[in-house]
Amino acid sequence: QVQLVESGGGLVQAGGSLRLSCEVSGRIFSINDMAWYRQAQGKERELVAVITRPGTTNYVDFVKGRFTIFRDNAKKMVYLQMNGLKPEDTAVYYCNCKVRTNWATSESEYWGQGTQVTVSS
């Protein structure tokens, strides 16, 4: 099995920064795309940022210039550096990875349990 464990959430004032981390463990042959999603209360889960294995990144418009996604393939970790946080960034943030567990199988999608980020005004 594959496990994703996030950390780094918390309470921060508007304009502040947080860094989220996600560690992937278990039976892993390769990790392809790694991403962060978020879900605010009463809203649907939405994509925040994604990074491919070689390091190509994509961000949704509302975080461009404020958030940075990066990964450490050797450590099997993905990070989300969040600067200039706004109250509307308040949500549970989820790590998402596409993982192959052996050479013969196609990739499967895995989710972490989520970490709460709260931004006060």
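The values are calculated or read from the model by the stated rules, or taken from the named source; none is laboratory data. Since the structure is predicted, the reported quantities are computational estimates derived from the model, not experimental observations. Here the Cβ positions follow ideal geometry from the backbone for every residue, glycine too, while neighbour counts run over all protein chains shown. Note: accessible area is taken over every heavy atom of the protein model, side chains too, but ligands, DNA and RNA are not part of it. Shrake-Rupley method; radii C 1.70, N 1.55, O 1.52, S 1.80 Å.
Share of Cα-Cα pairs in the range 47-106 beyond 17 Å, in percent?
In whole percent, the share of Cα-Cα pairs in the range 47-106 beyond 17 Å is 45.
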Point to revise | Accessible area in square angstrom per residue, the chain, 1.4 angstrom probe | key: 54
Practice item. Give the relative contact order (percent, whole number) for the range 1-40; include only Cα pairs under 8 Å separated by 6+ residues. Key: 43
Study note, to complete from the structure: residue 14 neighbourhood, Cβ < 15 Å, K/R = +1, D/E = -1, net charge 0
Review point. Going by the alpha-carbon gyration tensor, a ≥ b ≥ c the square roots of its eigenvalues, is the chain rounded (a/c under 1.5) or, if a/c is not under 1.5, prolate (a/b greater than b/c) versus oblate?
Key: prolate
Revision key, fill the gap. Net charge near residue 56 (other residues with Cβ under 12 Å of its Cβ; Lys, Arg +1; Asp, Glu -1) is +1
Check your understanding: In terms of the Cα gyration tensor, with a ≥ b ≥ c the square roots of its eigenvalues, is the range 72-121 rounded because a/c is under 1.5, prolate because a/b exceeds b/c, or oblate?
Key -> prolate
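Just to confirm a number: summing +1 for Lys and Arg and -1 for Asp and Glu over residues other than residue 31 whose beta-carbon lies under 10 angstrom from that of residue 31, what do you get?
Values: positive: 53, 71, 76, 98, 100; negative: 33, 107.
In short, +3.
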Review point. What ranking, highest mean first, results for peptides 81-92, 41-52 when packing means the other Cβ atoms within 10 Å averaged over each residue?
Key: 81-92, 41-52
Check your understanding: Which whole-number percent is the relative contact order of the chain (Cα, under 8 Å, 6+ apart)?
Key -> 36
Check your understanding: Label-point separation (nm) for residue 57 and residue 44, each offset 7 Å from Cα along Cα-to-Cβ?
Key -> 2.6
**Study point:** Pair residue 30, residue 108: separation of 7 Å Cα→Cβ label points (nm)
**Key:** 1.8
**Study point:** Gain in span if fully extended, residue 13 to residue 75, counting 0.36 nm per residue against the direct Cα distance
**Key:** 19.3 nm
